[in-house]
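Comments concern the structure below.
The values are calculated or read from the model by the stated rules, or taken from the named source; none is laboratory data. Just so it is clear, the model here is predicted, and its values are computed rather than measured. Glycine gets a Cβ as well: all are built from the backbone with ideal geometry, and neighbour counts include every protein chain shown.
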Amino acid sequence: MMAASPLINELRSSLSEESARIHRAFESSGDGRAAVAQRTSLIEDILRKLWCDIVSPDASGPPNIALVATGGFGRGWLFPYSDIDLLFLFGDRDGEQAFRDPVRKFSQELWDLRLKLSPASRTLAECDRYDSNNTEFTISLLDCRYLMGDRDLFRKLHDKVIPKLVMRESKALLQGLAEVTRERHAKHGMTLYHLEPNLKEAPGGLRDCNVASWLALISAIDKLHDWPDASSLRAPVKKQLEAALDFLMSARCFLHFRHGRDDNTLSWGEQDEAAARKVGAADALELSAADWMRIYFGHARAVQRTVTQLLEEIPEAWSALYRQVQSWRSRLTTADFSVVDGLIFLQQPSALQDPEVLLRLFHFMAHHGLKLSATTEYRIEQALPALAVTPPRGAELWLYLQETLLQPYAADALRAMHSLRLLTLLLPELNLIDSLVVRDFYHRFTVDEHSFLAIESLHRLKQSKSEWDQRYGGLLGELEDPELLHLALLLHDTGKGIPSGSHVEASLDVANHAMDRLDVDPKERAEVLFLIANHLEMSATLRRDIFDPATVAAFAEKMGTPERLKMLALLTYADIKAVNPEALTPWKAENVWQLYIGAENYLNRSADQRVHADVNDEKLARLRSLAPVTSSKFKGFLEGFPQRYLLVHTAEEVMRHLGMADELGVDPVQVELKRGRHWYELTLVTQDRPFLFATLAGVLAAWGMNIVKANAFSNQAGTVVDTISFTDRFRTLELNLSEWERFRRSVTSVLLGEADLEKMLRDRQRSEKGAIAKVKVETKIEFDDSCSSTSTLVQVIAQDRPRLLHRIASCLSDQECNIEIALIDTEGQMAIDTFYLTSGGKKLKAEHCRQVEKALVEELRGE
Amino acid sequence: MTKLEAVIQNSKLDAVKTALHEIGVEGMTVIEVRGHGRQKGHTEVYRGREYSVDLIPKTKIEMVLPDAMVEKAVQAVLGAARTGKIGDGKIFLSRMDEAIRIRNDERGEGAL
């Protein structure tokens, strides 16, 4: 083995001593910029000495070869364990041949000094060629800096070759840079909010600071036909990036020194230590790891916004397809907003003084999947201080928020609102989870991003090709109030920002505050709170035996209604999916589904468990507190209703039904009609009689109404409470207020036998042409005699069509069946109707079931 | 050395883990699996559509044990996973030739 030369020994000890000195200086000052500058200078010194020893005694010689710093070294940012990017530049092939041995020796000595070299050898002509498979090399030239050798050769590269190359290839360069950036972001799940981020490569990291500078520089060279004199970034952007760089440089130096290698992952241990040492935040008071990470995320957010905007603003960076889509989107311009190249601009810059315009802006964004232009973001930032004085709140804010939550790109709009600090201004409760790192072995993202991802995964169900996504997507389409599910997802983990025993309890408190602010209706509030309170319930039940009927029954009873069960299944699915990209395995999706259908079937097959008004339970206690004066009437009214009646109606609704029942002595048919968010709701309270439900369904059909859902219940005294949700196919009620009263009267007179229902139905039939069904649904009739001790259950699945419910109910009555309970539902073009039947006060006998089935098949055949 | 593989009900994982920890078994691999033995599957009807569960979701645990521990571990799994009903699962044992710790190339039972 050959002994090292005296120079190498000298360089080795100088490298070791100086590196230790730089480390000590960093430990005492925490100044990352100074550390990288000192390291750059130290390496330059070593290179110079080696160059003079091996290549040329004169550092500015020999001719036809130059040593050029590129990449991070070219920028003068050499981190303690970073690669040293070097370019050996030759005038021509002969020069390359002539200097092959000295270059090899030079590189070898650097390796022997344990310096990590990333060398490239190119002739001037090779530097002038752009290789689309190696965009990185051309980009690294943008940071080139002369070190040693032929200075004129370097000048040719810097002053002529690079500007011409950039001008000639600017479009390809921008596209290439955009592509590698998007690929890199995709590797990090397109989000900066990782619990353990890589501060070099992750979105918003150091690499993105460079991308921002390169994008601006390429555009500037293309425009000026030369290198710009100063940074091409706008002053406020530059200021933000410089602040981010100060922080990120210190943090990366800290990581390199701590690991003794080029490891840029901010793992939990490193976060604790960085916070304790206040790395990059020397002026801060005491910092917890979560506080320190918030500072990191704040800088990363600014960097990512800048890069995203620059990528969006530079049309050359777009692919042809992307450009086509953006050009189509330009047609979306409205009176408030204009859309140019996929970016939203304000038609009137001063319009944001009106908070409604601001809220409409994010609704517009969420609806169309557009991005905000830099100018619009600037205007929003300017408008925020005035808005902070009297922020919008109450029902109006909730209205805008729910409309935004329902749009397909809601998560992107929420992220943009959050990034601009608007979301936390409107809902300060979300400050608790802003960039919050909560450490566990499953979550990969901060709590705020986890919540946005959960909302996003719900919206993506509709377009997904995955079998499970499609199955759950079907459930989403059936929800009556999907906005409540989205609000629950937004707030479900807010309690994680409060140190307490149970984050669920804390989230409920926070959600209550947020819903006070939004003035959410009590019924809707109860649904959101139910979802938050139970958001871990399904996962907990999955740890038990979900094939055991007792487990399913206990879970289903906790859910109470099919609607709540459906929402919780979706919330669980979205919540697991947003934990990390691998968290929702098909195995888990199947388990959640299995539990869902088990519980759904249980709820439909146990609907006739009866209420006993003497029993003490929470809901009955609340009802008693609302009706102390009329407690005996109340008791008589409730006795014998199915438990399901109390689950699907709020206490206030039950009290209203009681009031209507009270009036039956005066008017034997009590009808209430109201308009809901999605459909109209008719409530009927009257005494039970044969053909009642069939007649009610018939009168709605005669008016052309389409029954979507219905619940029909009766108590021990024979008082019936039927609620029917329907859509107004001909907009009769919507366009003619006077028709409301006529419709109510019509229902009453038909039920009292004063009007001829058959004639009304014939008239309707004549005026309607038969619509062709888009999806063919096969009729299925299923009897279940085991699920109820008092009734026989029949479930009818059939093609939805006008008058269907009237025909089924009439057929059942013709067959001398009494409808004890009816649960009517519609899924797309499929009607799913469940009836609990008795005959002569008893279950149906087997022969009777066969007759009923035959009659139903006959009735529903064909058409 | 012996490899112990046990297919158990999902609901029994926590109990089995605890029982194994109590006798000093700390490392194991847990795998989400589907399958059926005599339990077969079953069919549910959901909204008029048959939803067939022919392969039932189960949990599989795997561990390699020093021979002296095998019987104790088998008893721990049996005790924790048994309900007495069809579908409790099965335990499989097989001989292992070698175990190697990747970090330091340690071999044999010491690597377990």
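Suppose the filter is modelled with pLDDT of 85 or more, within 22 Å of A:Thr723 (Cβ to Cβ) and crowded, with 17+ Cβ neighbours inside 10 Å; does A:Leu844 pass it? No. Residues that are surrounded by fewer than 18 Cβ atoms within 10 Å (Cβ to Cβ) and in contact with a Ser or Thr (Cβ under 9 Å, 6 or more places away or on another chain) were ranked within the stretch A:479-502; the one that is modelled with the lowest pLDDT is A:Glu480.
Quick check on this structure: which one of B:Gly27, B:Gly87, B:Gly37 is within 13 Å of chain A (Cβ to nearest Cβ), farther than 30 Å from A:Ala798 by Cβ and either outside any strand (DSSP E or B) or more than 11 Å from the chain's Cα centre (by Cα) (or both)? It is B:Gly87. In the stretch A:732-760, the residue that is surrounded by the most Cβ atoms within 10 Å (Cβ to Cβ) out of those that are more than 43 Å from the chain's Cα centre (by Cα) and outside any helix (DSSP H, G or I) is A:Ala755.
Here's the yes/no breakdown for (1) of a type outside the set (Asp, Glu); (2) in the same structural domain as A:Tyr193 (by TED's automatic domain parsing); (3) without any contact (Cβ under 8 Å) to a residue 40 or more places away in the chain:
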residue	(1), (2), (3)
A:Phe254	yes, yes, no
A:Arg258	yes, yes, yes
A:Gly269	yes, yes, yes
A:Ala281	yes, yes, yes
A:Glu286	no, yes, yes
A:Thr306	yes, yes, no
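Checking each residue of the stretch A:503-519 against the condition of being modelled with pLDDT under 95, more than 17 Å from the chain's Cα centre (by Cα) and of a type in the set (Lys, Arg) gives no match. For the stretch A:439-466, the candidate set comprises residues that are without any contact (Cβ under 8 Å) to a residue 12 or more places away in the chain and over 13 Å from the mean Cα position of the chain (by Cα); within that set, the residue that is surrounded by the fewest Cβ atoms within 10 Å (Cβ to Cβ) is A:Phe441. Residues in the stretch B:75-84 that are of a type outside the set (Gly, Ala, Ser) and away from chain A (no Cβ under 14 Å): B:Gln75, B:Val77, B:Leu78. Just one residue in the set A:Thr790, A:Thr838, A:Thr834 is more than 14 Å from chain B (Cβ to nearest Cβ), surrounded by fewer than 20 Cβ atoms within 10 Å (Cβ to Cβ) and part of a strand (DSSP E or B); that residue is A:Thr838.
Consider the stretch A:589-626 and keep the residues that are buried (at least 19 other Cβ atoms within 10 Å of the Cβ) and polar (S, T, N, Q). The one that is farthest from the other protein chains (Cβ to nearest Cβ) is A:Asn604. Going through (1) touching a residue at least 24 places away in the same chain (Cβ under 8 Å); (2) more than 13 Å from chain A (Cβ to nearest Cβ); (3) of a type in the set (A, V, I, L, M, F, W, C) one by one, B:Ile100 falls short only on (1).
Listed here are the residues, each with its yes/no results for (1) touching a residue at least 60 places away in the same chain (Cβ under 8 Å); (2) over 41 Å from the mean Cα position of the chain (by Cα); (3) outside the structural domain of A:Cys787 (by TED's automatic domain parsing).
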residue	(1), (2), (3)
A:Ile597	no, no, yes
A:Ala621	no, no, yes
A:Phe634	no, yes, yes
A:Glu639	yes, yes, yes
A:Val648	yes, no, yes
A:Asp662	no, yes, no
A:Pro668	yes, yes, no
A:Lys674	no, no, no
A:Gln687	no, yes, no
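Of all residues in the stretch A:82-102, those that are part of a loop (DSSP other than H, G, I, E, B) and within 14 Å of A:Asp150 (Cα to Cα) total 3. Only one entry of A:Thr551, A:Thr572 meets the criterion of being within 11 Å of another protein chain (Cβ to nearest Cβ) and polar (S, T, N, Q), and that entry is A:Thr551.
Conditions tested, residue by residue: (1) closer than 15 Å to A:Gly598 by Cα; (2) basic (Lys, Arg); (3) more than 21 Å from the chain's Cα centre (by Cα).
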{"position": "A:Leu529", "(1), (2), (3)": "no, no, no"}
{"position": "A:Met538", "(1), (2), (3)": "yes, no, no"}
{"position": "A:Thr541", "(1), (2), (3)": "yes, no, yes"}
{"position": "A:Asp548", "(1), (2), (3)": "yes, no, yes"}
{"position": "A:Val552", "(1), (2), (3)": "yes, no, yes"}
{"position": "A:Pro562", "(1), (2), (3)": "yes, no, yes"}
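Screening the candidates A:Arg744, A:Arg803, A:Arg729 for the property of being touching a helix residue (DSSP H, G or I) at 6+ places or on another chain (Cβ under 9 Å), touching a residue at least 12 places away in the same chain (Cβ under 8 Å) and among the basic types (Lys, Arg) yields one hit, A:Arg803.
Conditions tested, residue by residue: (1) part of a loop (DSSP other than H, G, I, E, B); (2) under 30 Å from A:Arg731 (Cα atoms).
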| residue | (1), (2) |
| --- | --- |
| A:Asp608 | yes, no |
| A:Ala613 | yes, no |
| A:Leu620 | no, no |
| A:Ser632 | no, no |
| A:Phe637 | no, no |
| A:Glu653 | no, yes |
| A:Glu663 | no, no |
| A:Lys674 | no, yes |
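Based on what the data block shows, is A:Val708 outside any loop (DSSP other than H, G, I, E, B) and either more than 14 Å from chain B (Cβ to nearest Cβ) or in contact with a strand residue (DSSP E or B) (Cβ under 9 Å, 6 or more places away or on another chain) (or both)? Considered against the rule, which asks whether it is outside any loop (DSSP other than H, G, I, E, B) and either more than 14 Å from chain B (Cβ to nearest Cβ) or in contact with a strand residue (DSSP E or B) (Cβ under 9 Å, 6 or more places away or on another chain) (or both), A:Val708 comes out as yes.
The residue that is farthest from the other protein chains (Cβ to nearest Cβ), among those in the stretch B:41-62 that are in contact with a helix residue (DSSP H, G or I) (Cβ under 7 Å, 6 or more places away or on another chain) and modelled with pLDDT of 75 or more, is B:Ile61. Assessment of the stretch A:546-555 against the conditions (outside any helix (DSSP H, G or I) and touching a Phe, Trp or Tyr at 6+ places or on another chain (Cβ under 7 Å)) yields no matching residue.
Yes/no per residue for (1) out of contact with any His (no Cβ under 8 Å at 6 or more places or on another chain); (2) surrounded by 15 or more Cβ atoms within 10 Å (Cβ to Cβ):
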| position | (1), (2) |
| --- | --- |
| A:Leu332 | no, yes |
| A:Phe337 | yes, yes |
| A:Phe345 | yes, yes |
| A:Gln348 | yes, no |
| A:Leu352 | yes, yes |
| A:Leu358 | yes, yes |
| A:Met365 | yes, yes |
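Checked against (1) small (Gly, Ala, Ser); (2) surrounded by 13 or more Cβ atoms within 10 Å (Cβ to Cβ); (3) under 23 Å from A:Lys842 (Cα atoms), A:Gly718 passes all but condition (2).
Exactly one residue out of A:Thr541, A:Thr585 is surrounded by fewer than 19 Cβ atoms within 10 Å (Cβ to Cβ) and within 14 Å of chain B (Cβ to nearest Cβ), and it is A:Thr585. The stretch A:437-514 holds helices (runs of 4 or more DSSP H) entirely within its bounds, and those carrying 1 or more residues that are assigned by TED's automatic domain parsing to the domain that holds A:Leu531 and among the basic types (Lys, Arg) map to A:447-460, A:467-478. Only a single criterion out of (1) more than 23 Å from A:Ala701 (Cα to Cα); (2) out of contact with any Cys (no Cβ under 6 Å at 6 or more places or on another chain); (3) part of a strand (DSSP E or B) is not satisfied by A:Cys849, namely (3).
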